[in-house]
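Only one structure is covered here, and it is reproduced in the block below.
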Amino acid sequence: MLDKGVPSTFANLKHLYSDSSKKEILPAIVESYIESGKGAENAEPKRQGDSSKGASAAYYFLAQHYNYHLSRDLPKAQEYIERAIELEPKSVDFHLTKARIWKYYGNSQKASEIMEQARALDTRDRHINTKAAKYQLRNNDNEAAIKTVGLFTRAETVGGPLADLHDMQCMWFLSEDGKSYARQKNFGLALKRFTSIYNIFDTWQEDQFDFHAFSLRKGQIRAYIDMVRWEDKLREHPFYTQAALGAVNVYIQMFDAPPANGANGSDGDDASERKKAAKKGKESCSKGRAGSSSQEAGAS
C-alpha cells in the first residue's frame, strides 16, 4: 500500500489499534520500510498531488499514527508530516493532516490557516472546501467561512450563500455557525442559527404526511414501516441534539448574566430579542400541550 501510495492506508488499518501489540507493530513496519530505502525510488510527486508513493506515503502514515488518539504524540506527528510535505509540497492530504495536528494542539487559528492552504491547492474539491470553512468557523471567523463555502453555492440565489445554505438545509454549517456566535457571546445570531435547525426538523416531520397516502397507494409497506419508525426517533438526530443543547446553553448564559448594554446590539434591541424569544417559547409550549391533548384524545 505504501508502494502504491494508497491515501486510505492508515484509515484501513486503524481498527487494529485496539490490539496493543498490533498498535506497536504497524509503525515499526513503516519505520523499517523508510530505513530500508524501499520508498526512495517512489518518492516522486504525483501530478495532482493528492496521492504520494514510497517514503512520503510512509511519513504520512506515521504522522497519522502519532495524531491518532490511541497513539498520540503531537511533536512526532508534526515532525513526520513536515517530512512528507517536504517531499510532496502540493499534497492536499498532507496539509489537511497538518491542520488536524494543529487542531489537537488547540491552536484553532493556525489550524484554520493551514487548512486554507490545503484548500488553495485544489479549489475544485468540495470536501476540502467544506473542511476549510468548518475550521474557519471554529476559529470564529464567520465572514471568511461564508465566503469559502459560497464558492460552491448557487450564485443566483437571492440573499447570497447563507440563504442558499438555508434552502439546502445545510445543517453542519448552521450548527457550526451557531456555536461560533455562541462562543463570541453574539446570542441573537446564535439562537437564529439553532432555531433554523429546529425549523428544518419541523419541515421534515410535516413532509412525512405526504408520504402516508403515497406509500399505501403504491403498496411499499416495508418502506412505509421504516419511515414511521424513523419518525419516532427523528429528534434523536445528532444535529438536532447539538442545536438544542446549544440553544439551552445560550438561554442559561442569558439568564445568569443578562447583557448590560447589548451583546447583540443596543439595550432596546436586546430587550426586544428577549421578548421575542420568550414569546416564541410560550407558543412552543402551547403547541406542545395542544399536541399532547390531541394525542391523548385520539388514544382514548
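The range 127-143 and the range 152-220 have their alpha-carbon centroids 18 Å apart.
With a cap of 12 neighbouring Cβ atoms within 10 Å, and only residues DSSP puts in a loop, list the trypsin sites (Lys or Arg not before Pro) found in the range 94-135. Walk me through the numbers on the way to the answer.
Working: sites: 98, 100, 103, 110, 119, 124, 126, 131, 134; in loops: 124.
Counting only loop positions with at most 12 other Cβ atoms within 10 Å, the trypsin sites (Lys or Arg not before Pro) in the range 94-135 are 124.
Working note: Karplus 6.51/-1.76/1.60 with θ = phi - 60° gives the range 206-219 the couplings 5, 5, 5, 4, 5, 8, 4, 5, 4, 5, 5, 5, 7, x Hz, where Gly and Pro are set to x.
Based on alpha-carbon atoms, the Kirkwood radius and the radius of gyration of the range 162-232 give Rg/Rh equal to 1.18. As a fraction of the 1.4 Å probe accessible area of the range 70-196, surface on carbon and sulfur atoms comes out at 49 percent. Of 217, 72, 193, the residue with the largest accessible area leads and the full order is 217, 72, 193 (1.4 Å probe). Highest mean packing first, where packing is the average number of other Cβ atoms within 10 Å per residue, the peptides 218-225, 136-143, 111-118, 160-167 line up as 111-118, 136-143, 160-167, 218-225.
Which whole-number percentage describes the relative contact order of the range 194-263, with Cα contacts under 8 Å and a sequence gap of 6 or more? Provide the component values of the computation, followed by the final result.
Numbers: 22 pairs, mean separation 33.0, N = 70.
Once divided by the residue count of the range 194-263, the mean separation gives 47 percent.
Estimated at 0.36 nm per residue, the fully extended path between residue 252 and residue 239 surpasses their Cα-Cα distance by 2.7 nm. Give me the net charge of residue 184's neighbourhood, meaning all other residues with Cβ under 14 Å from the Cβ of residue 184; Lys, Arg count +1, Asp, Glu -1. Around residue 184, the charge tally is +2.
The values are calculated or read from the model by the stated rules, or taken from the named source; none is laboratory data. Everything quoted here is computed from the prediction, not taken from an experiment. Cβ: placed from backbone, ideal geometry, glycine included. Neighbour counts: every protein chain shown. The area values use the complete protein model at the heavy-atom level, side chains included, leaving out ligands, DNA and RNA. Shrake-Rupley method; radii C 1.70, N 1.55, O 1.52, S 1.80 Å.
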